[in-house]
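Below you'll find the structure, written out as structure tokens, and then a few comments.
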Amino acid sequence: MKETISMPLSQIFKADFSPKLNEIRLFTAIVSLLFSFIAFGVDELINSDGVLYMNMARAFLDEGLLGSAQLFNWPFFSILVSGFHLFTGFSLETSGELVNIILFVLFTDALILICSKILPNNQQLFIAALFILGFTLLNDYRAYLFRDMGYWAFTAYGLYAFIRFSEKPSWLLAFAWQVAVFLSILFRIEGVVILLALPFFLLGTNQNLKTAFQQIAMLWSTVIVFTAIAISIALSQTSFVIAFSKISEVLTYIDFPTLINNFLAKSEIINSQVMSNFDKDSGSLILASGLLVMMLEKIFTALSIPYIIFYIYTRYSKYGEFNSEANYRKLILFFVAINFLILLIFVFKQYFLSTRYAVMLITGLFILMLPRICQFVENAWQHKRKGILAFTVLVLIAGPIDSFTVSVSKAYIKDVAMWAADNLPDDSSVITFDVISHYYIHDKAPEIDITLDTKGNLQNIKNYEYLVLVIKRRNSELAEKLTLKDFEIIYKTANSRGDRALVLRNQQQDS
């Protein structure tokens with residue numbers, strides 16, 4: 001066993017270096033674990049989504065499912081964190097961090113397993129592991145507390161199980177596929193679309209349609225049982241229905257009339273309020289093209305500029321010969337197409353896009369890039385092309401360095417919150433407009449009566465004794481709107497960029 005997982009560093013520098021699959025998986029897991037600990041170590045604040053999930057976990061512990069459902073109607077991640085907290089005794093925030101670290105290790109492991117199927121040898125697989133570990137998009141999210149990690153990990157495991165099933169269909173692999181995707185659904189409901197859509201790929205790979213439909217039925221068999229169990233639980237447990245009511249949003253992926261009507265309504269606003277009197281019919285075109293360009297810009301940027309440059313270099317370099325099409329290329333393309341459809345519907349429903357919603361799509365595109373990149377680096381390694389290898393090292397380290405380097409500190413927000421929690425009277429009334437400040441104050445000093453006003457209504461502040469205010473440099477006019485003659489600054493902190501956090505006392509309340 002020891003020989004199976006050991007990988008002496010001296011072996012890496014040999015031209016014929018070809019580690020075993022389990023060695024590569026172990027190496028990736030260890031480095032991924034290390035990177036995640038570094039990411040949380042250099043990160044100074046909980047993310048705003050993390051505040052929601054930690055509040056949900058606390059509500060679940062105090063009030064059960066209905067308590068967490070009042071905050072958000074898809075509570076599995078918070079329940080998982082709560083269970084980890086009860087089992088280990090760690091704080092909820094630390095428990096959330098450890099859960100996400102474990103999920104991220106699982107995600108990178110699943111990507112290695114997928115790459116083991118699309119790459120011809122383990123030497124290239126080890127190179128792929130290095131590029132996966134250096135991928136900026138993934139490293140940027142290592143220190144986030146959110147449910148997406150679980151969705152990414154189990155969707156990737158599901159894709160690997162699907163690949164194995166397409167090689168040799170069996171009930172065991174069909175069950176493994178369904179379990180993996182079902183777990184992904186518990187984190188994000190978009191997994192339902194993957195579950196329903198990906199099996200249809202088999203229609204294009206089987207000459208016999210009857211065989212294809214039989215295999216699709218195998219891939220859905222356990223789901224039917226799970227669905228029946230879920231319905232029976234839902235009929236008997238009202239709290240379960242309320243807590244997981246977000247499942248109804250799956251219908252938005254087929255509710256095209258509502259999407260179209262909303263789109264036309266917003267297009268009409270552009271026609272009536274933006275366009276010239278001479279052109280009142282271009283709103284739909286402008287809105288649709290704008291949303292698509294936004295999507296493409298996010299995808300292109302998230303693929304990482306150094307990686308894109310490196311990939312283009314492998315295509316046009318005189319050493320960039322590529323022998324054959326990668327295995328399962330069509331399947332990965334089909335997977336990318338499904339995720340593009342999910343993203344497209346999301347954008348046309350919500351009219352905004354954060355890169356994290358596109359991670360599975362971008363990961364699919366990244367996997368498609370890897371065969372050419374890995375063969376190129378392998379060839380450079382075998383022929384000792386030092387210039388190419390030096391360039392490769394620069395590309396590999398650029399992502400982690402960028403992700404784990406803090407250019408502007410955010411610790412000033414936590415600092416002011418901790419000061420307020422330690423120094424404000426227990427019976428004082430406090431208001432803040434900042435979600436993260438509210439979280440830290442309430443978490444450390446729950447006896448303080450603190451109100452969160454996310455709308456930033458300045459008229460409300462006169463009714464409170466204290467105001468905890470975070471002023472970003474770009475919102476510096478916020479301070480000017482305050483009638484500061486009625487307030488006294490009793491504590492302040494700032495970072496090098498000029499972002500500030502203040503604790504102010506209402507002098508009118510004192511009088």
**segment 167-212 - residue that is within 24 Å of residue 150 (Cα to Cα) and of a type in the set (Gly, Ala, Ser) and, of those, farthest from the chain's Cα centre (by Cα)** = 174
**Request:** Would you be able to say whether some residue in segment 342-358 is β-branched (Val, Ile, Thr) and farther than 30 Å from residue 263 by Cα?
**Result:** no
**Prompt:** Do we find that residue 388 is farther than 30 Å from residue 189 by Cβ, surrounded by 14 or more Cβ atoms within 10 Å (Cβ to Cβ) and either touching a Lys or Arg at 6+ places or on another chain (Cβ under 9 Å) or at pLDDT 90 or above (or both) in this structure?
**Reply:** yes
**Message:** Go through segment 44-65 and report how many residues are closer than 16 Å to residue 80 by Cα and over 17 Å from the mean Cα position of the chain (by Cα).
**Reply:** 11
**Asked** Looking at residue 397, is it farther than 29 Å from residue 193 by Cβ, in the same structural domain as residue 205 (by TED's automatic domain parsing) and either without any contact (Cβ under 8 Å) to a residue 60 or more places away in the chain or of a type in the set (Phe, Trp, Tyr) (or both)?
**Response** no
**Message:** Just to verify a result, which residue in segment 312-340, among those that are at pLDDT below 90 and among the polar types (S, T, N, Q), is nearest to residue 355 (Cα to Cα)?
**Reply:** 327
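Do we have residue 22 as among the polar types (S, T, N, Q), touching a Ser or Thr at 6+ places or on another chain (Cβ under 7 Å), closer than 28 Å to residue 109 by Cβ and modelled with pLDDT of 90 or more here? Please lay out each step first, then the result.
On the way: among the polar types (S, T, N, Q): yes; touching a Ser or Thr at 6+ places or on another chain (Cβ under 7 Å): yes; closer than 28 Å to residue 109 by Cβ: yes; modelled with pLDDT of 90 or more: yes.
So residue 22 passes the test.
The values are calculated or read from the model by the stated rules, or taken from the named source; none is laboratory data. Here the structure is a predicted model, which means the values were calculated and not measured. Glycine gets a Cβ as well: all are built from the backbone with ideal geometry, and neighbour counts include every protein chain shown.
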